[in-house]
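Chemist: Take a look at this one; I'll ask things after.
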Amino acid sequence: MLRLNLILNNLVHSIQNIIQGNTIKSPFHKVGDKLMAFDYIVSNPPFKLDFSDYVADLDTKQNNERFFAGFPNIPKKDKDKMAIYPLFIQHIMFSLSAKGRAAIVVPTGFITAQTGIEKKIRNAW
């Protein structure tokens, strides 16, 4: 989808920068052990995705600042409907430079949530 989007928007020069992988578990853009900081980030992260097989690996001292608001709950059923977008939002916030700006597509519930991770993220922004 990303390749097609770049072609349709006459941005074929950016195709070489596409990296396939798990941004949350193993971020690609690093300098040494630290994540790179960006001035601009545009993201349409998946809203729901099963990340139960690696969530325990994310809960480390090294990731405390990156995932400052915590991890979404893992339901007992329908794990493919797990809310993963809060992890992407926290990752993006952590990856912004001091003057950085981000545009992120989020579900409506993020804007109206009165508790939980979503509220912590909004209050930090």
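Chemist: Determine the distance separating the Cα centre of region 2-27 from the Cα centre of region 58-125; give it in Å without decimals.
Modeler: Their Cα centres are 22 Å away from one another.
Chemist: Further question: Relative to the Cα centre, what is the charge dipole magnitude of region 19-124, using +1 at the beta carbon of each Lys and Arg, -1 at the beta carbon of each Asp and Glu, and rounding to the nearest 20 debye?
Modeler: My answer is approximately 220 debye.
Chemist: Using alpha-carbon pairs under 8 Å, 6+ residues apart, how would you state the relative contact order of the chain in percent?
Modeler: With pairs under 8 Å counted, the relative contact order is 29 percent.
Chemist: Another one. Kindly provide the helix-only [θ] at 222 nm of the chain, computed as the sum of -39,500 (n - 2.57) over DSSP H runs of four or more divided by all residues, to the nearest 500 deg cm²/dmol?
Modeler: Calculated from helices alone, the mean residue ellipticity at 222 nm is -7000 deg cm²/dmol.
Chemist: Treat each spin label as a single point 7 Å out from the Cα along the C-beta direction, and report the ASN63 to LYS119 distance in nm.
Modeler: Using points 7 Å along Cα→Cβ, the separation is 2.4 nm.
Chemist: Using a 7 Å offset from the Cα along the Cα-to-Cβ direction at both LYS25 and LYS48, what is the distance between the two label points in nm, to one decimal?
Modeler: Modelled inter-label distance: 2.1 nm.
Chemist: Using a Gaussian network model on the chain with a 10 Å cutoff between Cα atoms, which of LEU35, LEU11, LEU49 fluctuates the most?
Modeler: In the Gaussian network model the winner is LEU11.
Chemist: Could you please rank VAL105, VAL55, VAL31, placing first whichever residue has the fewest other Cβ atoms within 10 Å of its Cβ?
Modeler: Final ranking by Cβ density, sparse to dense: VAL31, VAL105, VAL55.
Chemist: Here's another thing I want to ask about it. Could you tell me which of PRO75, ALA56, MET1 has its Cα farthest along the dipole of the chain towards the positive end, charges placed at Cβ (Lys, Arg +1; Asp, Glu -1), taken about the Cα centre?
Modeler: My answer, from the dipole projection, is PRO75.
Chemist: Please work out the ratio of the alpha-carbon Rg of the chain to 2.2 N^0.38 Å and round it to two decimals.
Modeler: For the chain, the normalised Cα radius of gyration comes out at 1.11.
Chemist: Would you mind ranking ILE74, ILE117 by Cβ crowding within 10 Å, fewest neighbours first?
Modeler: Neighbour counts put them in this order, fewest first: ILE74, ILE117.
Chemist: Net charge within 15 Å of THR108 by Cβ-Cβ distance, Lys/Arg positive one each and Asp/Glu negative one each, not counting THR108 itself?
Modeler: +2
Chemist: Quick one: order ARG66, ARG101 by neighbouring beta-carbon count within 10 Å, fewest to most.
Modeler: ARG101, ARG66
Read-outs: derived from the displayed coordinates by stated rules, not from any lab. Please read these numbers as outputs of a predicted model, since none were measured by experiment. As a convention, Cβ positions derive from the backbone with ideal geometry for all residues, glycine included, and neighbour counts pool all protein chains shown.
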